[in-house]
1. Return a yes/no flag: does region 145-153 have any residue that is surrounded by 13 or more Cβ atoms within 10 Å (Cβ to Cβ), of a type outside the set (S, T, N, Q), under 29 Å from Met53 (Cα atoms) and modelled with pLDDT of 85 or more.
2. Please give the helices (runs of 4 or more DSSP H) falling wholly within region 1-119 in which 3 or more residues are at pLDDT below 90 and within 30 Å of Leu148 (Cβ to Cβ).
3. Residues being open to solvent by 30 Å² or more (accessible area, probe 1.4 Å) and either on the phi > 0 side of the Ramachandran plot or not basic (Lys, Arg) (or both): count how many of those fall in region 83-99.
4. Here are Leu137, Leu148: which of them is part of a loop (DSSP other than H, G, I, E, B) and within 30 Å of Gln5 (Cα to Cα)?
5. What pairs come out if I take residues in region 108-123 that are of a type outside the set (A, V, I, L, M, F, W, C) and pair them with residues that are assigned to a loop (DSSP other than H, G, I, E, B) whose C-beta lies under 8 Å away, six or more apart or interchain?
Amino acid sequence: SASGQCDMIAICIYDLQHAQNYHIRMTDSYLQMQLVMVSNGKIPTSNTTIGTMADFPLFNEADSENNHTVYKYYFTVRDCFEALRKGEVDSIIVGSYTANYFLALSRYSGFLRTNLQGQYAPISMAVSERYPDKPLLLSVLNKAIGNLSSAEVNRIMVDNTMRDGSGLEAVVNRIPSTVIIMVLLFFIMISILIASLSGALIRKSRLAKK
């Protein structure tokens, strides 16, 4: 948004310092997102490396000096999960909704998810300072946010981000790729066989008419 590539950001951490640095205006917060820790299941040691998002204001260098924890910051949630998968970090701290989404993928199966009690990140929308009708847009957005209940916001987030493991995508993600390839080949062979038989029957029917 600061570079002028977009006029609005739908999901960002409510942080007035960030807003000032990036020349954006933030709406009221519409969600208090539960933060969770995702780990590889290994027993934590006294010196732990944690990956998290670069714009999470909760964690800072002072914390790492006090409890011997090293924080590594990443730009996206996918980057955090990849760092955990590759062993670059011992655990990651991300939002609960996106954690549920990635944990439903077979690529990240086996990780453990733990809620961080009392740790939430306020989520809001942001509008570029360059947007010509910025005051009007912010006013409309804030009115809409004010009319949304917590239950409605939670339902919207669940419908669009959570994976309960019962959907088609989640099922497919748990199937080994070799099995998927074999099934596809089977259906291709059946299709070719049906097409060949259909062609033979059509030719036989035409010959019979002659």
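1. There is at least one residue in region 145-153 that is surrounded by 13 or more Cβ atoms within 10 Å (Cβ to Cβ), of a type outside the set (S, T, N, Q), under 29 Å from Met53 (Cα atoms) and modelled with pLDDT of 85 or more.
2. Working: elements: 16-21, 61-67, 77-85, 96-103.
Because the criterion is at least 3 residues that are at pLDDT below 90 and within 30 Å of Leu148 (Cβ to Cβ), the helices (runs of 4 or more DSSP H) in region 1-119 that meet it are 16-21, 96-103.
3. Going residue by residue through region 83-99, those that are open to solvent by 30 Å² or more (accessible area, probe 1.4 Å) are 85-88, 90, 98.
Restricting the remaining residues to those that are either on the phi > 0 side of the Ramachandran plot or not basic (Lys, Arg) (or both) gives 87-88, 90, 98.
Looking only at that region, the number is 4.
4. Values: Leu137 fails: part of a loop (DSSP other than H, G, I, E, B).
Going through Leu137, Leu148 in turn, just one is part of a loop (DSSP other than H, G, I, E, B) and within 30 Å of Gln5 (Cα to Cα): Leu148.
5. Pairs that qualify, where the first residue is of a type outside the set (A, V, I, L, M, F, W, C) and the partner is assigned to a loop (DSSP other than H, G, I, E, B), are Gly110/Asn40; Gly110/Gly41; Gln119/Leu58; Pro122/Tyr14; Pro122/Ser29.
The values are calculated or read from the model by the stated rules, or taken from the named source; none is laboratory data. Predicted, not measured: the structure shown is a model, and the values here were computed from it. A quick note on method: Cβ atoms are made from the backbone with ideal geometry, for glycine too, and the neighbour counts reach across all protein chains shown. The accessibility values were calculated without ligands, DNA or RNA, using every heavy atom of the protein model including side chains. Shrake-Rupley method; radii C 1.70, N 1.55, O 1.52, S 1.80 Å.
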